[in-house]
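This report refers to the structure that appears directly beneath it.
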Amino acid sequence: MALSDIALVDLKMAKNYLRLDAAASVMVPAEYVGEGDGSDLTFDLDNTPIDGTLKLYVNNVLQVETTNYSISTATITFVTAPTNGHPITANYEYSASANTFVAYDDDELEDIIEAATKIAEDYSERAFIQRSITEYHEGDGDTVLRLFKRPVVSITSVVQEVSQALADGDGSTVAYTLSLTPTSGSVALYVDAVLQTLTTDYTVSGDVVTFVSAPADGTKITITYTHTILAISEYSLQLSKGKITGAWSSGYIYKIVYVAGEASTRSATQTLVPDAVMAVLLIISDLYEHRGDTVGSDNISGIGSMAYSLPSRAERLLFKMKPLGGFV
């Protein structure tokens, strides 16, 4: 796979931030070592940790090397035997054997980068790198429609999706007038739930559908289509706030295509919003640390459920980028 153009940071930045030595080590995110019985002092890890990487916990409390334990190759020796029933867990890195990694798993890290970028964008309600975005909004009769991502650069199109029941067939009427003019090629016409074929069964001219043969008496005629709102200039656009003011009728779905983002390239965006870059890197670090677990929460043998969330610093940085002026 290739890293998406919308991802705010690249592989090199992520690896530098994580201080990864490609192909050198493997991360063990959460290993259940055993359970204290009040007398046993020694426990064995599955692998020999690289010096300085071991974090050892007893009953979820971080232990201090020398003060609480010593380690020799993969054997842990406690100064005082862990209390009966207290779980012992560890996370650490160990040296990769030959061919364990031909190279660091770039695909995995790219997935993490993509996920971190999306989390940051959703949280801050921003689009970092400019791109076309398609959204669907349900009309509620209000005059204001708020787009999900900002800053909005331009509106490409606004399309109204229509589902309409026409008058029942009467055996003689062939022409039916629609409430709006369909976008070319968007019509799906049904008679008693049977899809009709354009030209063979009917034609469309403006807002009028004309059947080749009148539908039989009592048949149900339904139609779905889209109506393109061409005069976008008729709507009041507040692009900095991501708002469009107009008539958003209840019962209709509106498809909005627009361009949003801070800048057109990754490097330009990094210059404009350095806080976002750091926030994404912090989220990457959090996702990477727990990549062996289910992000959000996970059950670890001997401990139970553990929850993960955005690092607090990432939240603070992203909150700074939330748009001013509320959400209307």
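Among the residues of region 53-84, those that are in a loop (DSSP other than H, G, I, E, B), touching a strand residue (DSSP E or B) at 6+ places or on another chain (Cβ under 9 Å) and not β-branched (Val, Ile, Thr) comprise 54, 59, 60, 63, 68, 74, 82, 84. I'd like to check something: does region 237-259 contain any residue that is surrounded by fewer than 17 Cβ atoms within 10 Å (Cβ to Cβ), among the polar types (S, T, N, Q) and modelled with pLDDT under 75? Yes: one or more hits. Residue 65: assigned by TED's automatic domain parsing to the domain that holds residue 286 and surrounded by fewer than 17 Cβ atoms within 10 Å (Cβ to Cβ), yes or no? For residue 65, the condition - assigned by TED's automatic domain parsing to the domain that holds residue 286 and surrounded by fewer than 17 Cβ atoms within 10 Å (Cβ to Cβ) - is not met. Residues in region 260-273 that are out of contact with any Ser or Thr (no Cβ under 8 Å at 6 or more places or on another chain) and either of a type in the set (D, E, K, R) or not in a helix (DSSP H, G or I) (or both) were compared, and the one that is surrounded by the most Cβ atoms within 10 Å (Cβ to Cβ) is 260.
Quick check: is even one residue across region 276-285 part of a loop (DSSP other than H, G, I, E, B) and either at pLDDT 75 or above or not charged (D, E, K, R) (or both)? Taking every residue of region 276-285 in turn, none turns out to be part of a loop (DSSP other than H, G, I, E, B) and either at pLDDT 75 or above or not charged (D, E, K, R) (or both).
The values are calculated or read from the model by the stated rules, or taken from the named source; none is laboratory data. Here the structure is a predicted model, which is why all the values come from computation and not from measurement. Here the Cβ is made from the backbone with ideal geometry for all residues, glycine too, and neighbour counts use every protein chain on show.
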